[in-house]
Amino acid sequence: MNRSSASWVPWLLLLPALVLLVAFTHYPAVATLWHSVFSTARAGASSVYVGAENYQLLVEDPVFWQALRNNLLFALITVPVAIVLSIAMALWVHRQVPGRALLRLAYFTPAILPMIAVANIWLFFYTPQYGLIAQISQAFGWGDHNWLGQPSTALPALMVVTIWKEAGFFMIFYLAALQQISPTLAEAAALEGASRWQFFRRVQWPLLMPTTVFVVINAVINAFRLVDHIVVMTRGGPDNATQLLLYYIYQVAFSFWDTSYAAALTVVLLTLLAVVAFVKFRLLDSRTHYQ
Amino acid sequence: MTTPASPTSATHTPAKLRAGLPAFSANGRANLIDTAGAWLLGLLWLLPLLYAFWSAFHSSAYATHFSLSAPLTLENFVHAWQAAPFGRYLINTFVLVTAILAAQLVLATLAAYAFARFTFRGSEVAFMIVLLQLMVMPDVLIVENYRTIAWMGLRDTILGIALPYFASAFGIFLLRQAFKTVPRELDDAARVEGANAWQVLWRVYVPLARPVYVAYALVSISHHWNNFLWPLIVTNSVEARPLTVGLQVFASTDQGIDWSMITAATLMTAAPLFIAFLLFQRQFVQSFMRAGIR
């Protein structure tokens, strides 16, 4: 068969994938925009064009702003902390620490467990009176604290779970990158009398940069995409202290059944993801080209 | 989502990855501080899991009472298994994960073949359309996708959960990269022998891309085994619910606060994937590295 003969062959090959991609990614993205300028159909009132009304609502909605602020804070704190820890893990596992196979397993295991399952375990950790943390802190006479019940500690408590779950996952990317750094560089650095910190700062860190960019982008996307632990541990509470954008969308759409307002919220989330995508391509443009 | 720039991307030296995680020697031995720090963090990381095991295998009287003399029991597992249809949930998850993977492999193979080996008008536009899904994942389009699934009459079905994931941009991208590394000569030789396009795909490309298929399969399985929010939205009956949603229903409504039973159920939910992970640890880690991201 000649490759250039039948031009419909490649399109036939692409058809099933393209149809489903468009149906569940491109169409819904456009439909979200469309529905965000209509009112939600209710019993006795059909959906009508309302222009920017849903967005007006959004600007005046304190819960939306709280969710946005929480989400940005969530990304701003969990991403760097998880990255620092994952680099530390990778450096340790990379060196000949005793029992490093077991250690690697310990670090990586949270990454493959369902978030929903580990969230249940952490929920118990945080439970006042009975929970493990409460037991320990009471044993030391530090008293009891309702970690998930207090607005001030609920979001940080959830951040801990996310960091715990993701650091080991990122570690394997750093580990792979470290293994590709030529050993001669370490030898040269040693000859020059460089300290470990200097070697890391001047050699390893710059060489790990592409990995860091990759990890940061995926971590930021995850910060906006993953809300399983919110469902299990706080349901956005107390007093919206742990409200994140996607969870708020879920609540508005499937608890309050206001799909138009949920559409407007989704547009905000899509815009944020588009910004991430834009940054990604700008950052990577200089180093990569799809071919 | 993947980044060709990353040293872990699919394009990079399969041979190196196949060789596993080689011991690194030039960087010297770890000193005491390293060891202590590494293990302190390791224990901290293991703590939640160790605790889950403790609680699941002891009666609830010992849930927070740590004593070496505490008798081991399987009662929590038995009770949890009887209290909720976990067997059914397990089958649902199994069907769900299998259906998604099968559809993904077939659709991605066909599309990747088109992109890798055919020159045609509009191929770049088509590829951009595919890549867009890497940015806008179905995960965040829950409202509109729910509307579509309801319109199709697939609410509360396993197919309804699975359908949005059938076409995977990531799978297409990964296989396209793999197919592009297949030497053109092999392709030509097969055609000279009289093989048609299907036979070339099946006999030449698919076998040569096997490691990539394995990597993608492991990533896809673990992602969809653990997926929660979308199945939670689409399902509302025992017949369609996967394990993750079943666990949440069990933990939030049925049980009050019997933590021993909840942790037992939690372990049951994670067990099949976790055991598979322990058995094929190296393949899993390499797959995640190779695939870049789930």
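Would you kindly derive the ³J(HN,Hα) couplings of segment A:117-125 from the backbone phi angles with the Karplus curve 6.51 cos²θ - 1.76 cosθ + 1.60 (θ = phi - 60°), listing them in order in whole Hz, with x for Gly and Pro?
Coupling constants for segment A:117-125: 6, 5, 4, 5, 5, 5, 4, 5, 3 Hz.
In Å and from the alpha-carbon atoms only, list the Rg and Dmax of the protein assembly as shown.
Every Cα atom of the protein assembly as shown included, Rg and Dmax give 24.9, 81 Å.
Pairs of alpha-carbon atoms within less than 8 angstrom and 6+ residues apart define the contacts here; what relative contact order does segment A:62-285 have, in percent?
The normalised contact order for segment A:62-285 reaches 29 percent.
B:A209's amide H: which non-local residues (gap 5+, or another chain) put their own amide H closer than 5 Å, with H modeled 1.01 Å from N in plane and none for Pro or chain starts?
Sorted by chain and number, the residues that satisfy this come to none at all.
What share of all Cα pairs of segment A:62-285, in percent, falls into each consecutive 5 Å distance bin?
In order of increasing distance, the bins hold 1, 6, 12, 14, 15, 15, 12, 9, 7, 4, 2, 1, 0, 0 percent.
Test of the criteria: in segment B:73-163, which trypsin sites (Lys or Arg not before Pro) are in a DSSP loop and have at most 11 other Cβ atoms within 10 angstrom of their Cβ?
Details: sites: B:R88, B:R117, B:R121, B:R147, B:R155; in loops: B:R121, B:R155.
Answer in residue order: B:R121.
Which values of log₁₀ I(q)/I(0), to two decimal places, follow from the Debye formula for segment B:175-236 at q = 0.14, 0.19, 0.20, 0.29 Å⁻¹ with a uniform point scatterer at every Cα?
Per q value, in the given order, log10 I(q)/I(0) is -0.55, -0.73, -0.77, -1.15.
If each residue's Cβ is checked for other Cβ atoms within 10 Å, how do B:F274, B:F173, B:F284, A:F281 rank with the fewest at the top?
Values: B:F274 17, B:F173 26, B:F284 23, A:F281 11.
Least crowded to most crowded, the residues run A:F281, B:F274, B:F284, B:F173.
Under the Karplus relation 6.51 cos²θ - 1.76 cosθ + 1.60, θ = phi - 60°, what is the ordered set of whole-Hz ³J(HN,Hα) values for segment A:39-50, x standing for Gly and Pro?
Computed from phi, the couplings for segment A:39-50 are 7, 6, 5, 10, 4, x, 9, 7, 6, 10, 5, 10 Hz.
Ranked by Cβ crowding within 10 angstrom, fewest neighbours first, how are A:S46, B:S55 ordered?
A:S46, B:S55
Mind checking segment A:66-152 for chymotrypsin sites (Phe, Trp or Tyr not before Pro) that DSSP puts in a loop (not H, G, I, E or B) and that have at most 14 other Cβ atoms within 10 Å?
A:Y130, A:F140, A:W142
Using Cα centres only, tell me the gap between segment A:110-153 and segment A:215-287 in whole Å.
If you average the Cα positions of each part, the centres end up 25 Å apart.
Using alpha-carbon pairs under 8 Å, 6+ residues apart, how would you state the relative contact order of segment B:74-291 in percent?
Relative contact order, segment B:74-291: 35 percent.
Check which residues have an amide H placed less than 5 Å from B:H58's amide H, if you skip close sequence neighbours.
Those qualifying (amide H under 5 Å, at least 5 residues apart or on another chain) are B:T73.
For n ≥ 4 DSSP H runs only, could you compute -39500 (n - 2.57) per run for the protein assembly as shown, divide by its residues and tell me the 222 nm figure to the nearest 500?
Only helices count here, giving -21000 deg cm²/dmol.
For A:F38, what residues show an amide H to amide H distance below 5 Å, using hydrogens built from the backbone and excluding near sequence neighbours?
Counting only residues 5 or more places away or on other chains, the set is A:V50.
Going by how many other beta carbons lie within 10 Å of each one, how would you line up B:D156, A:D228, fewest first?
The fewest-first ordering by Cβ neighbours comes to B:D156, A:D228.
Taking 56 Å as R0, compute the FRET efficiency from the Cβ-Cβ separation of A:A43 and A:I136 and round it to 0.05.
Efficiency at R0 = 56 Å is approximately 0.60.
At 25 °C and 0.890 mPa s, grab the translational diffusion coefficient of segment A:1-67 from Stokes-Einstein with a Kirkwood Rh over Cα pairs, rounded to a whole number in µm² per second. Mind showing how you got there, number by number?
Numbers: Rh = 15.7 Å.
It comes out at roughly 156 µm²/s.
So what's segment B:130-208 giving for Cα Rg divided by 2.2 N^0.38 Å, two decimals?
Against the empirical 2.2 N^0.38 Å value, I get 1.58 for segment B:130-208.
Students often get this wrong: which residues of segment A:201-229 have the backbone nitrogen under 18 Å from the point 7 angstrom along Cα-to-C-beta of A:A188?
Flagged as within label range: A:201-209.
Got a sec to turn the phi values of segment A:147-159 into Karplus ³J(HN,Hα) couplings, 6.51 cos²θ - 1.76 cosθ + 1.60 with θ = phi - 60°, whole Hz, x for Gly and Pro?
With coefficients 6.51, -1.76 and 1.60, one gets 4, 8, x, 9, x, 6, 10, 5, 5, x, 4, 6, 4 Hz.
Against the globular-protein guess of 2.2 N^0.38 Å, express the Cα radius of gyration of segment B:109-254 as a ratio, rounded to two decimals.
Scaled against compact globular proteins, the figure is 1.31.
Bear in mind that the values in this text are calculations on the coordinates, not laboratory data. Keep in mind that what you see is a predicted model, and the values were worked out from it rather than measured. Here the Cβ is made from the backbone with ideal geometry for all residues, glycine too, and neighbour counts use every protein chain on show.
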